[in-house]
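J.: Supplied in structure tokens, the structure appears directly below.
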Amino acid sequence: MATDHNELTSPNGDVKRLLTFRKAQVIYDLTFHFAHTFLSKGDRTVDQMIQAARSGKQNIAEGNSAGVTSMETAIKLTNVAKASFLELLLDYEDFLRVRNFRKWEMDSREVEFLRRKSIDRSVPDQWFVDLAKKRPAETVANIAIVFLHQEDYLLQAQLNALENKFLAQGGFKEQMFAARLQARGK
């Protein structure tokens, strides 16, 4: 999946334009619907799944903001988001496994359909949530799993971009020191 570098990392930019954030918001909305619709009230998994989805989304936003002055913090928070989404992925897979529901194969027609739709920029993000609201639990869990795999891929690309930026430009302290030396040299 080819993506524009600026869609992956854009400190100072609007976090809501980041592809990783937009996918995270869909994952959160899917999870909120899923947990409140298909899990029992009082089941601790409801809160855990919603918190994992929220943590992933919020850490992308916080990491994007922190990247302005701390590449290290941006990398750490992006990795926390990745870990939160992995936890959520395992919850969805557990849901399917313990109920003997089918988990879609990565080359299935359903996954291919969602992949095509998710890269079509004319399809609004809300379309996937609206689709899920009309589907049974097994389908919604699988839709979320597809998005979680996409998100994992994109977050890894974002981490790689942050690392490359750090290696090329150094950290904020290094940039400040270089600017100070340059200012003194004038």
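J.: Only one of (1) within 22 Å of ALA53 (Cα to Cα); (2) open to solvent by 20 Å² or more (accessible area, probe 1.4 Å) fails for ASP120. Which number is that?
T.: (1)
J.: Which one is modelled with the highest pLDDT, of the residues in region 68-113 that are in a loop (DSSP other than H, G, I, E, B) and hydroxyl-bearing (Ser, Thr, Tyr)?
T.: Out of the qualifying residues, it is SER108.
J.: Same structure, new question: May I ask you to list pairs of residues, at least six apart or on different chains, whose Cβ atoms are under 7 Å apart, with the first in region 162-186 being at negative phi and among the polar types (S, T, N, Q) and the second being at pLDDT below 80 and open to solvent by 90 Å² or more (accessible area, probe 1.4 Å)?
T.: GLN175/GLN169
J.: So for region 83-102 (the condition being in contact (Cβ under 8 Å) with a residue 60 or more places away in the chain and open to solvent by 80 Å² or more (accessible area, probe 1.4 Å)), does at least one residue qualify?
T.: Looking for residues that are in contact (Cβ under 8 Å) with a residue 60 or more places away in the chain and open to solvent by 80 Å² or more (accessible area, probe 1.4 Å), one finds at least one in region 83-102, hence yes.
J.: Further question: May I ask you to list the residues in region 36-67 that are free of Cβ contacts under 8 Å to residues at least 60 places away in the same chain and not in a helix (DSSP H, G or I)?
T.: LEU39, SER40, LYS41, GLY42, ASP43
Conditions tested, residue by residue: (1) of a type in the set (A, V, I, L, M, F, W, C); (2) farther than 20 Å from LEU159 by Cβ; (3) touching a helix residue (DSSP H, G or I) at 6+ places or on another chain (Cβ under 7 Å).
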{"site": "GLY42", "(1), (2), (3)": "no, yes, no"}
{"site": "ILE60", "(1), (2), (3)": "yes, no, yes"}
{"site": "LYS82", "(1), (2), (3)": "no, no, yes"}
{"site": "GLU112", "(1), (2), (3)": "no, yes, no"}
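The values are calculated or read from the model by the stated rules, or taken from the named source; none is laboratory data. All values reported here derive from a predicted model rather than from experimental measurement. Glycine gets a Cβ as well: all are built from the backbone with ideal geometry, and neighbour counts include every protein chain shown. Accessible surface is based on the protein model in full, side chains and every heavy atom, while ligands, DNA and RNA are left aside. Shrake-Rupley method; radii C 1.70, N 1.55, O 1.52, S 1.80 Å.
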